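Inspection log for the structure reproduced underneath, given as structure tokens.
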Amino acid sequence: MKLSNYLCLGALALGALASCKDGQRSAANPGKESSTTGVEYNTEKGMQVSSYKSIPAGPGLVYIEGGRTVLGSQEEDVTLTHDNMERTVTIASFYMDEAEVANIHWLEYLHFIRTDSAEEFYKSALPDTTVWARDLSFNDPYVTYYLRYPGFRYFPVVGVSWLQANDYCTWRTAKVNEGLAGEEGDSGKKGGGLFSRKKKGDTAAEGTAAADSKNRISIENGNTLPNYRLPTEAEWEYAALALIGTQEVGNENQEEKRIYPWDGRTTRNAYGRKQGQFLANFKRGRGDYAGIAGSLNDGAMITEQIYAYPPNDYGLYNMAGNVNEWVQDVYRPLSYQDVEDLNPFRRNGVLDPADKYDKKGYQSLIDDKVRVYKGGSWRDVAYWLSPGTRRFMAQDSATATIGFRCAMINAGSNK
């Protein structure tokens, strides 16, 4: 007798009311009635169970298959910080923006919140364009033009603090799920989610669009996206290395390492017609941001368009150079040995408290309001292009060398 027949007989012996003809139960095939109580779903007496296929596609996101890896600095620790030693961890699969958030995306954000939000919040969302100003450098035109001039639309947004980046992620979640609500037939008035002007009776929750009276948009219905958010430091470093490109099918050993998000020990393309061309936007040396006219090296004096250089093996652009990127983690030098080895993340108030660091006595810059940024920028030398390097800055500060991209959990999967 086949195994499936044994299973059916066993189910009948236990008095189960569910029919075996429906096949094995799953998220996409829960059956018409409960397999434990026999109560029919989607009836007056039963629970509402909506149809579900998979997580909706998130605009701009690329799937990052997780797995075991070795995080940590692959280069000599020239700064002698010893704050990112090698260790083996496992990262669950997730999604990440294929490119840095660009000026056009931030202008869209400003457009909507100016309509839907209080004026003070709109003002708090404005990037600090004065980050381009330098007392002994004539960067003044960038103060006026970099964010708003059409030619800079797809250059990465800068002058954005960690706090502002988090607000953007929350707004983006609300706006995308608002669109999904419209696709579900929501005829209610669309608002700006978390930052909309609240009216009496509003039931909008943080990070989601307002639901209509029938609650068509909800986590249980599976028709919303999880929150867009900043990636954790471990996720960012894992995605940047993209060691999936070095892995042979069927070989569970990771036999190759990478210093940068590409193969080899140099910052130039070693193959094909583009051999010799630089693979990232960075500062080659003192005073050399772009090379000699007629033979420019990376071709960018400041930032460059977010798709300007080849993507890594996950399809992610500019995971080295162009701009550094904010990640979620609060900075601690001992994170590599303190955090867990599954989805490691350093949050505030857990181990290594801030009062151990003498910030008031000017012996330290570390507290619970400094956040990690990674990746190197147009103004950094090649050392900082290695995904294992890390630096930190106050979460309410901004510079012309730091931007960000969003990430999202791979909901409904244990991989």
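Every number here is computed from the coordinates shown, using simple stated rules; none is lab data. Just so you know, these numbers come straight off a predicted model, no measurement behind them. Note that each Cβ is placed from the backbone with ideal geometry, even for glycine, and that neighbours are counted across all protein chains shown.
For the chain, with a Gaussian network of springs between Cα atoms less than 10 Å apart, report the residue from P387, P156, P353 with the top mean-square fluctuation.
Maximum fluctuation in the GNM of the chain, among the listed residues, is at P353.
Once you have the Cα-Cα distance between M47 and R148, take 0.36 nm times their residue separation minus that, and quote the gain in nm to one decimal.
Working: separation 101, 0.36 × 101 = 36.36 nm, distance 5.07 nm.
Answer, rounded to one decimal: 31.3 nm.
Listing H105, H82 from the residue with the fewest other Cβ atoms within 10 Å to the one with the most, what is the order?
H82, H105
Compute the distance from the alpha-carbon center of segment 352-403 to that of segment 127-174, in whole Å.
19
Which three lengths, in whole Å and largest first, does segment 287-415 cover when its Cα atoms are put on their principal axes?
Result, largest extent first: 54, 47, 24 Å.
7 Å from Cα along Cα→Cβ at both N29 and D341: what's the point-to-point distance in nm?
Inter-label distance under the simple model: 3.8 nm.
Using the Cβ atoms and a cut-off under 15 Å, what net charge is assigned to the surroundings of K415, where Lys and Arg are +1 and Asp and Glu are -1? Let's see the in-between values first.
On the way: positive: R68; negative: E65, E235.
Local charge sum for K415: -1.
Identify which of A354, A400, A280 has the largest mean-square fluctuation in a Gaussian network model of the chain, with springs joining Cα atoms closer than 10 Å.
Highest fluctuation among the options: A354.
Anything over 28 Å Cα to Cα? Flag those among K274/K415; K257/K415; K123/K283; K175/K274; K374/K415, in the order listed.
Over 28 Å Cα-Cα: K274/K415; K123/K283; K175/K274.
Hey, any idea what the orientation-averaged projected area of the convex hull of segment 343-415's Cα atoms comes to, in nm²? Before the final figure, lay out each step's value.
On the way: hull surface 29.4 nm².
Taking the Cα atoms of segment 343-415, their convex hull projects to 7.3 nm² on average.
Normalised radius of gyration for the chain, please: alpha carbon Rg relative to 2.2 N^0.38 Å, two decimal places.
1.14
Take the chain, connect every pair of alpha-carbon atoms lying under 10 Å apart with a spring to form a Gaussian network, then pick out the residue of D298, D355, D83 with the largest mean-square fluctuation.
With Cα springs under 10 Å in the chain, the top fluctuation among D298, D355, D83 is at D355.
Tell me, Y41, Y146, Y357, Y271 in order of fewest to most beta-carbon neighbours within 10 Å?
Listed from fewest to most nearby Cβ atoms, that is Y271, Y41, Y357, Y146.
Full extension from F121 to R284: what is 0.36 nm times the residue separation minus their Cα-Cα distance, to one decimal in nm?
Between F121 and R284, full extension yields 54.7 nm more.
So what is the 222 nm mean residue ellipticity for the chain from helices alone, if each DSSP H run of at least 4 adds -39500 (n - 2.57) and you divide by all residues, rounding to the nearest 500 deg cm²/dmol?
Working: 7 runs with 73 residues, N = 415.
Helices in the chain give a 222 nm mean residue ellipticity of -5000 deg cm²/dmol.
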